[in-house]
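Below is one structure, written out as structure tokens, with a few remarks after it.
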Amino acid sequence: MKKWLIAAGVGLAMATSAQAADKIAIVNMSNLFQQVAQNTGVSKTLENEFKGRASELQRMEGDLKTKMQRLQRDGATMKASERSKLEKDVMTQRESFSSKAQSFEQDRARRSNEERGKLVTRIQSAVKKVADDQSIDLVVDASTVAYNSSSIKDITSDVLKQVK
């Protein structure tokens, strides 16, 4: 009798785990993120948004390099007052460039994070919709799973269709 109860318990546990496996799916979030970012053109949008400031920084950098080369090349033959004026100009321009470059990087990083957050929200909504439509109880990121059997459903392509 005791063996029969143990066998029944093991059978019930196996049936429950098999049934639970049908309600679990994996999704490749990094792959989704890359594809959705490409499809929506987020990088182009950000590039266009910061194009003017990037061009200005490139122009400032070129002008600064030219002045530094001139100072290095002609500094020994310049009048002291002229050299001093050029050195001060280079220092002022270097500080201005550094400040603008730092501000540019901070703004670009902030906007990039905002856009990334929007994409993650869209992807999470699509995952939830697909999971609801397919009666899936648990969706796990494929990169966090050490092992999954072939019976675990991968809904990455379904989520990608939903996001588009």
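The values are calculated or read from the model by the stated rules, or taken from the named source; none is laboratory data. Since the model is a prediction, treat every value here as computed from it, not as a measurement. Quick reminder, even Gly has a Cβ in these numbers, built from the backbone with ideal geometry, and neighbours come from all protein chains shown. The accessibility values were calculated without ligands, DNA or RNA, using every heavy atom of the protein model including side chains. Shrake-Rupley method; radii C 1.70, N 1.55, O 1.52, S 1.80 Å.
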**OP:** Order these peptides, 136-142, 58-64, by their mean beta-carbon neighbour count within 10 angstrom, highest first.
**Re:** 136-142, 58-64
Original post:
Expressed as cubic angstrom per residue, what is the convex hull volume of the alpha carbon set of the chain?
Top reply: 170
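Evaluate 2.2 N^0.38 Å with N set to the residue count of the stretch 53-137, then give the Cα radius of gyration divided by it. Intermediate values should be presented prior to the final figure.
Working: Rg = 24.8 Å, N = 85, 2.2 N^0.38 = 11.9 Å.
For the stretch 53-137, the normalised Cα radius of gyration is 2.08.
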**OP:** With label points built 7 Å along Cα→Cβ from the Cα atoms of SER149 and GLN93, find their separation and express it in nm.
**Re:** 7.0
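As a check on your grasp of the helix formula, calculate [θ] at 222 nm for the chain: sum -39500 (n - 2.57) over DSSP H runs of n ≥ 4, divide by the residue count, round to the nearest 500.
Values: 5 runs with 127 residues, N = 164.
Rounded to the nearest 500, the figure is -27500 deg cm²/dmol.
Find the relative contact order for the chain and round it to a whole percent, using C-alpha pairs within less than 8 Å whose residues are 6+ positions apart. Present the calculation step by step, with values, prior to reporting the outcome.
On the way: 100 pairs, mean separation 84.3, N = 164.
Here the relative contact order equals 51 percent.
In the stretch 79-157, what trypsin sites (Lys or Arg not before Pro) fall in a loop by DSSP, with at most 15 other Cβ atoms inside 10 Å?
Working: sites: LYS79, ARG83, LYS85, LYS88, ARG94, LYS100, ARG108, ARG110, ARG111, ARG116, LYS118, ARG122, LYS128, LYS129, LYS153; in loops: LYS79.
For trypsin sites (Lys or Arg not before Pro) across the stretch 79-157 that sit outside H, G, I, E and B with at most 15 neighbouring Cβ atoms in 10 Å, the list reads LYS79.
What accessible area per residue comes out for the stretch 17-164, rounded to a whole number of Å², with a 1.4 Å probe? Could the numbers behind the result be given before it?
Working: 10090 Å² over 148 residues.
Value returned for the stretch 17-164: 68 Å² of accessible area per residue.
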